[in-house]
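S.K.: Dropping the structure in here first, questions after.
Taken together, the values in this text are just the output of simple stated rules run on the coordinates, not laboratory data. All values reported here derive from a predicted model rather than from experimental measurement. Ideal geometry is used to build each Cβ from the backbone, glycine not excepted, and the neighbour counts take in all protein chains shown.
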Amino acid sequence: MIDNTDSELVESAVAGDARAVEELLRRHQPRLRAVCRRILNSDADADDATQNALIAIVRALPSFDGRSAFGTWAYRIATNAALDEARRRQRRPRVGREELDATRIVDLSSDRVFASLDERDALERALASVPEDFRVAVVLRDVADLDYEQIAQILGVPIGTVRSRIARGRAHLADVLRNRNGVGERQSFDTKDPS
Amino acid sequence: MNDTPDKRTTDDAVDVVDWWASRVVDREVEFADVPADLRAQVQSRAADFAAVRTGLSAIGTPGVIDDIAIARAIRTAKTAPRSSWRRIGGPLSMAAALIGVIAIGITAIGRDSRSSDDLATADQPMMSSPLAKTIDTEAPASESQEVIEAAGAAESEVMSSTGESVVIADMVELGRLTNGWWTTPPTMSPAAMCPLAEGMRRVDMDVMFDGIPAEIHLGPSNLKVVALSDCMVLAGITP
């Protein structure tokens, strides 16, 4: 089962093999959760979004038509679940939702780890400050490692818009981190058409 | 390059140096493709973007498999088996005629139109999916008792579902099905497969609309039927 491709597992799952369903979820859950985590910047919200995405995937498997890769399809569901969770979050008061990121529970005995954690925190804060549309595109590219075409499919936007959103998201991140490091504002360039 | 930055909208208004730098980092273009007068700026910016990408890749490393979340998802799906599809039948409803029905490009987007009889027979294999039956009756082989107990303890946190499956032939049937949803809302799904507009939620219902697998997004002032394959809007209703 573990050596089967996603397509083979989907076929078995739709034919009624419960182990194939479980193997598909086991194979993709960590990556889906990582994407939700970076979109939402909260472990608790990411857990909720990932859970909802997994439920939706299991329910929708019989209607999966194979036009895109299973992974792309699953990322689409997880991205929508994360965006939906973000909207719900905006509507509710945030009391006790900030939590300790379990991945930060590490040996803090060395300066190297401190520096690494500091950088990680800075990057996470910077990512959280990126406007949602740009953040989602950057996360799908740099965290999920999807190509532009897959991201366009997931977000339902033209590939040119994906390029723009990724460029703007990275620019925002780079500027925030540059200011944090005391490098100062980047030189402003006029926007001009390269053609 | 014929796909240069589009500055006509806010969404696409991107700094041209950033645009080139981002594509260089993603190896969509070679550095030699960058206009000569921008190369120094693009090179500097690309170095920043590469550092950002490396950092994000590092913090985005997938964690461990969460067996509890997986078991809970399967268990929750099991409580809402898609065992059969319901056809929206009966005489034409006057109520359906009273609501404003807006069909959005059902034919314009080139969907094949099939009769209701075709739908009722052609979609039968999907209507009684072995997956639904299996989920309903069989626990995953490797699911431990501990995981099952943990999932059970957390079950109250998970939304419940009616898990209904409906075949809708046309706008009249759609109107008949959804009439009353703004006074008595249907059960909502925990997640959608297509992007939800602000204020909209996915109705927890598997839908076959005009022969196309779809989902319904319901908001306070309208609803949309959206194709699962490409998220195109197939139809909409404004009450």
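S.K.: Rounded, prolate or oblate, given the Cα gyration tensor of the range B:16-59, with a/c below 1.5 counting as rounded?
M.R.: Numbers: a/c = 2.93, a/b = 1.99, b/c = 1.48.
It is prolate, given that a/c is not under 1.5 and a/b is the larger ratio.
S.K.: Kindly provide the pair-distance distribution of the range A:30-90 built from C-alpha pairs, with 10 Å bins from 0 and whole-percent values in order of increasing distance.
M.R.: 26, 53, 19, 2
S.K.: Can you tell me the FRET efficiency between A:A128 and B:A51 if r is taken as the Cβ-Cβ distance and R0 is 22 Å, rounded to the nearest 0.05?
M.R.: Numbers: r = 18 Å, r/R0 = 0.82.
About 0.75, to the nearest 0.05.
S.K.: So for the pair A:N4, A:R91, with labels modelled 7 Å out along Cα→Cβ, what separation do we get in nm?
M.R.: Taking the two extended label points, one gets 3.8 nm.
S.K.: Counting other C-beta atoms within 10 Å, which of B:K78, B:K224 has the fewest, and how do the rest follow?
M.R.: Details: B:K78 18, B:K224 21.
Exposure proxy ranking, most exposed first: B:K78, B:K224.
S.K.: At A:D147 and B:W181, where each label point lies 7 Å from the Cα along Cα→Cβ, what is the point-to-point distance in nanometres?
M.R.: In this crude spin-label approximation the distance works out to 3.7 nm.
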